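Colleague: Take this structure, written in structure tokens, and hold onto it; I'll ask about it next.
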Ligand code: SF4
């Protein structure tokens, strides 16, 4: 079938001090189809970035598995690992921090090409120029340094570096969060254009729902290490089921007043539970307006409550 990546019950825990465990990703399951964009949203600390990095093998999973094109990403032999690192790339939130200030833009873009010894000499330079062109920069930029560029241009350099490997899959780790709103749309449009041209598959991580809607086919909402809702982008905006998703919706300005009325607008209040040694039950219960007794004792599972609409909340258990 056309599934590229299967994420099964993925866990990534970090030890804090001697005894405590931070459950950054605590049993997340979803798949990503070829050419699809999955948006991953949630507040900082929800585990979305850790999830993205574990999916692409930058972090070793504590539990569960990631199957990329039939291969388990966390059990690769050395030669498989090399091939995999080319197939799967990442674009970072802060392009400046991820670009070496002492390297020219050309050398940055070619860093993967050099590590994997793909091209040398004139072929290498031609490829650099081609990549700069693809992201809306040009030949002249190759000999310049990162500090000479604006935030949006630096993000374009980061994208060119990722594309150099001819990847199938790119984790976009909050690539627009640090940019002005006017520039955000340009970068999103560039990513969409590149996806169409090269059949790329994206995991697009963001902390709010506003831009994600324009690039994602499906959106997953994370809360303290769990996926609490997963459905198509349209369905999520029209019919958010999880109380946390509804609350996140209130953070986005809605242009259409009809939509604004139909959405159950809730304000986020209450303390965020700690991801360190979490208590049993629903982790959102400390902030939820609908909390019932069973929410405090049993953890809701992610269930398909409507076709292709998954939600983890006891309010929807009876639907099953
Ligand atoms: Fe609220 Fe309970 Fe649903 Fe958690 S399971 S979101 S506490 S209603």
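Colleague: Checking the condition within 23 Å of residue 179 (Cα to Cα), out of contact with any helix residue (DSSP H, G or I) (no Cβ under 6 Å at 6 or more places or on another chain), touching a residue at least 24 places away in the same chain (Cβ under 8 Å) and surrounded by fewer than 23 Cβ atoms within 10 Å (Cβ to Cβ), which residue from 127, 102 passes?
Modeller: Details: 127 fails: within 23 Å of residue 179 (Cα to Cα).
The unique qualifying residue is 102.
For (1) more than 11 Å from the ligand (Cβ to nearest atom); (2) surrounded by fewer than 13 Cβ atoms within 10 Å (Cβ to Cβ); (3) outside any loop (DSSP other than H, G, I, E, B), each residue gets a yes or a no:
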{"residue": "274", "(1), (2), (3)": "yes, no, no"}
{"residue": "280", "(1), (2), (3)": "yes, yes, no"}
{"residue": "304", "(1), (2), (3)": "yes, no, yes"}
{"residue": "316", "(1), (2), (3)": "no, no, yes"}
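Colleague: Further, regarding this structure: Within the bounds of segment 122-140, is there any residue that is at pLDDT 95 or above and under 22 Å from the mean Cα position of the chain (by Cα)?
Modeller: Within segment 122-140 (the criterion being at pLDDT 95 or above and under 22 Å from the mean Cα position of the chain (by Cα)), the answer is yes, since at least one residue qualifies.
Colleague: Given the condition buried (at least 23 other Cβ atoms within 10 Å of the Cβ), modelled with pLDDT under 95 and closer than 23 Å to residue 31 by Cβ, answer yes or no: does some residue in segment 195-208 qualify?
Modeller: yes
Colleague: Residues 179, 132: which one is assigned to a helix (DSSP H, G or I) and touching a helix residue (DSSP H, G or I) at 6+ places or on another chain (Cβ under 7 Å)?
Modeller: Unique residue meeting the criteria: 132.
Colleague: When you look at residue 35, is it on the phi > 0 side of the Ramachandran plot and at pLDDT 90 or above, yes or no?
Modeller: Details: on the phi > 0 side of the Ramachandran plot: yes; at pLDDT 90 or above: yes.
Considered against the rule, which asks whether it is on the phi > 0 side of the Ramachandran plot and at pLDDT 90 or above, residue 35 comes out as yes.
Colleague: Also, I was wondering about something else. Out of all the residues in segment 51-64, is one or more crowded, with 16+ Cβ neighbours inside 10 Å, assigned to a strand (DSSP E or B) and either at pLDDT 95 or above or within 13 Å of the chain's Cα centre (by Cα) (or both)?
Modeller: Residues of segment 51-64 that are crowded, with 16+ Cβ neighbours inside 10 Å, as a first pass: 51-57, 59, 61-62, 64.
From what is left, the residues that are assigned to a strand (DSSP E or B) are 64.
Filter once more, so that each one left must be either at pLDDT 95 or above or within 13 Å of the chain's Cα centre (by Cα) (or both): 64.
Yes; the residues of segment 51-64 include at least one that is crowded, with 16+ Cβ neighbours inside 10 Å, assigned to a strand (DSSP E or B) and either at pLDDT 95 or above or within 13 Å of the chain's Cα centre (by Cα) (or both).
The values are calculated or read from the model by the stated rules, or taken from the named source; none is laboratory data. These figures come from a predicted structure and were not determined experimentally. As a convention, Cβ positions derive from the backbone with ideal geometry for all residues, glycine included, and neighbour counts pool all protein chains shown.
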